[in-house]
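First comes the structure, then the notes that go with it.
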Amino acid sequence: MNKLIKIILWSLASLVVIVVLAAILIPVLVNPNDYKDEIAQQVYQKTGRTLTIEGDIDLSISLPLSVSLDLGKTELSNAKGFGEQPFARIDEVSLYVAIMPLLTQNRLDIGEVRLNNMALNLIKNKDGKTNWADLSGEKSATEKETDAKSSTGTAKPATEKASMPAISVAGLSVKDAQISWTDKQNNQHIVLSKANISISELIEDKPFDLEISTLIDSTNPEMKGSFKLSSSPTITLTQQLFKLPKTQLTLDLTGSALPGGATKTTLGGDIVFDGLKQLLDINGMKLTSYEMIINGQFHAAKLDSAPEYNGKISIEKFSPKQLAAALGAALPAMKQEQALSSADAQLSFKGNQNNLNISSLTANLDDTALTGTAAIKNFQKPVYGFDLKLNQLNLDYYAVAAPEQATAKTPAPKAETKKTASKGKPATAPIFPVETLRTLNLDGKLTIGQFIAGGAKMTNVVIVLKGKDGLVQLAPLKADLYKGNINLKTTLDARSNTPKLKIINELKGVQIGDLLQDVSGSQEITGTANISANITTTGNDKDRLIKNSNGVVKLLVANGHVKKLDVINTLRKAEAMLKGRSVPTQDQEQNTKFSELKGTFNIKNGVVKNNDLSSKSPVMELTGAGYADLPKEYLDYTLKVKLLNSLKIDEKSQGTDYRGKEIPYTIKGKFSELKQEANISKVLEQQAKKKVEEKLNEKLEEKFGDKFKGLLKF
């Protein structure tokens, strides 16, 4: 035992002597500056680059067994073919390492590391080659192929990982660094200048201060400004645990590439990454940019195998109108000045590498509130689903205000008119995004408490939307509509080159007058309507869809009137003109009333034909037949009017009694220029013929007796 103790003591004494001698003799006997040329030669042989060390190399060893290195101005040349500008340059490097704690306590103590005036120039040439490829150890395609062939595919036996030493660093200081990136393939140049990195004393499992700042100047995209990052990290290497609380990132940029020309964006939060458990947590996240504040939290697990994640996002109340202005997007003037003045949203989500589910979704835009859920399944071939509810949606609230009429119009030059004039009617734009619909797979439901569009109001709206591989179905759309209801089923088949559209619509008990009053401001037609429609068409623009439409529409309207179809007054005027009397100015009948109006309308290739229109009213009966050519916007329709009363306005006024007679009444012309005409002359001709017939039959009867009674017929 005594002998062993002596050996240990002698060993320790020898080690102390060696350390002391090394600390005294190495700086005296070895001058590292004598090896500058040899170091440069070795670098050149390995890389083909020139290493220039202008400053002094100061290497010293001190007790208890520590090494310090100070390096003066040093420069490394660029790779061949990348210009004369150096690849890297630094004015000063200072490093201190304590060796004894590593030998005795498995702890590596590093003093403050200082780097001053560092410059790094990174370049990619037009061929896609970088000026650091020769330094990064990247293998060529041939070398990779050789390695692949030489590989036996046999797994190497696992080796035990050596325990990592605990590390402490007294600090890191990088001052006035510059990094330049030039991409000649994409004509891009970005410079990070006056970059500073400051790290306080770094001891494992203890928090330290981290500060990073730099100026940014970019030509493509064009922007300039500043970047700042601050945090108070804690690093535990033995457990692969990294904590970054109070992390704050700030970007303050200007430039034409930015929406609105400028942005000041801040992002903060508490970040934790656990390498052993493969977990990532971000709490207290807050993003502020362009008049918006977004808060959230994020959690991810199984990062190295099958990632799973969940989190929450909330958007604080903001003004979409002000956001658009900040982004430089000019919104058109709206009828309601308060439109787009307030919005906010909150949602929770969870998912994995294949699916995403959004739950507890709430969003508000002005007076519209949205709640519900949504999901995306199978990102490789997405299936979209949703179940959303809106308390109300008033599209008229966001209607664009009518532009002011110009006081004077400047005619275009004749030459320009001839140049830009096109022959024939221009083709209308495609309506359906066919390619998108063919890849669309969705199943969703939307309910709306009240929906307003174009003045028309619907309540209790239910929309079920389904789509798969180009077959999209709106089946159904149900809603309460002006004391009645609507049930609409629409199918769009975009699987073939030409989309096919089928519409089955049913309206029951709808008050047409109230509907038109809200839509147009007047009740041109009133009554309780029951309308059924079954229409099919093909095409992908408005003109073809109208021209190729086929189907049938059935109409039944009870207890109504048609304002502009003033049959009685038109008949009075026609009779007065026919008999040479003054046209009556009193309009006793302001409209054509009816107790029932019904008919069937058959549609073939965009032409609507009707042969069974019938109407009943207290003063007349109507039957009608004709057609409407929708592609040509032309109407040719004839009503046959059978009066149940006289045309007399009162007992003193003149007027022929046409009761029981059918008077043709035509409505004809372009939709924008319809003309109405009552052909009373035909009735008068019939009456004249009948009187002649009666006179001649009387004469024949007087002369030849009853044998010739009623013989003549016209």
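Values quoted throughout were computed directly from the atomic coordinates according to the rules given, and no laboratory measurement underlies them. Keep in mind that what you see is a predicted model, and the values were worked out from it rather than measured. Cβ placement follows ideal geometry from the backbone for every residue including glycine, while neighbour counts extend to all protein chains displayed.
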### Query
In segment 456-477, which residues have a backbone nitrogen under 14 Å from the label point lying 7 Å from N378's Cα in the Cα-to-Cβ direction?
467-470
## Note on the structure
With I190 itself left out, Lys, Arg at +1 and Asp, Glu at -1 over residues whose Cβ is under 14 Å from its Cβ give 0
### Query
Arranged by the count of other C-beta atoms within 10 angstrom, fewest first, what order do F87, F379 take?
F379, F87
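Kindly put H561, H189 in sequence by how many other C-beta atoms sit within 10 Å of each C-beta, fewest to most. Show your work: numbers first, answer last.
Working: H561 20, H189 15.
By the 10 Å Cβ count, ascending, the order reads H189, H561.
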## Note on the structure
If every Lys and Arg gets +1 and every Asp and Glu gets -1 at its Cβ, then about the Cα centre segment 231-359 yields a dipole, in debye to the nearest 20, of 100 debye
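First select every other residue whose beta carbon is under 9 angstrom from the beta carbon of A170; then total the charges, Lys and Arg +1, Asp and Glu -1.
Values: positive: none; negative: D109, E112, E201.
For residues surrounding A170, the net value is -3.
Quick check: net charge around G55, other residues with Cβ under 14 Å of its Cβ, Lys/Arg +1 and Asp/Glu -1?
On the way: positive: K36, K73, R89, R114; negative: E54, D56, D58, D70, E75, D91, E92.
Here the count lands on -3.
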### Query
Separation between the E677 and S213 pseudo-spin-labels, each 7 Å from Cα along Cα→Cβ, expressed in nm?
8.8 nm
### Summary
Most exposed first, judged by fewest Cβ atoms within 10 angstrom, S549, S614 run S614, S549
#### Entry: Nonlocal amide H pairs with L202, under 5 Å, H built at 1.01 Å
V169, A170, G171
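Which whole-number percentage describes the relative contact order of segment 470-515, with Cα contacts under 8 Å and a sequence gap of 6 or more? Don't jump to the answer; show the numbers that get you there.
Working: 88 pairs, mean separation 17.1, N = 46.
Answer for segment 470-515 is 37 percent.
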### Task
Mind scanning K224/K264; K224/K317; K466/K508 and naming the pairs with a C-alpha gap bigger than 18 Å?
K224/K317; K466/K508
### Task
Please list, in chain and number order, the residues 5+ apart from T50 or on another chain whose amide H is under 5 Å from its amide H, with Hs placed from the backbone.
S77
## Note on the structure
The FRET efficiency for K312 and A475, from their Cβ-Cβ distance with R0 = 35 Å and rounded to 0.05, is 0.50
### Query
Which of K616/K642; K502/K668; K80/K126; K500/K598; K478/K593 have a Cα-Cα distance over 19 Å?
K502/K668; K500/K598; K478/K593
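Take each of the peptides 330-336, 386-392, average the number of other beta-carbon atoms within 10 Å over its residues, and list them starting from the highest.
Numbers: 330-336: 12.0, 386-392: 16.0.
By packing density, highest mean first, the sequence is 386-392, 330-336.
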#### Entry: Rounded to whole Hz, the Karplus (6.51, -1.76, 1.60) HN-Hα couplings of segment 600-610, x for glycine and proline
10, 10, 9, 10, 9, 6, x, 9, 9, 10, 9
## Note on the structure
Interchain or sequence-distant (5+) residues whose placed amide H lies within less than 5 Å of the amide H of M223 are S218
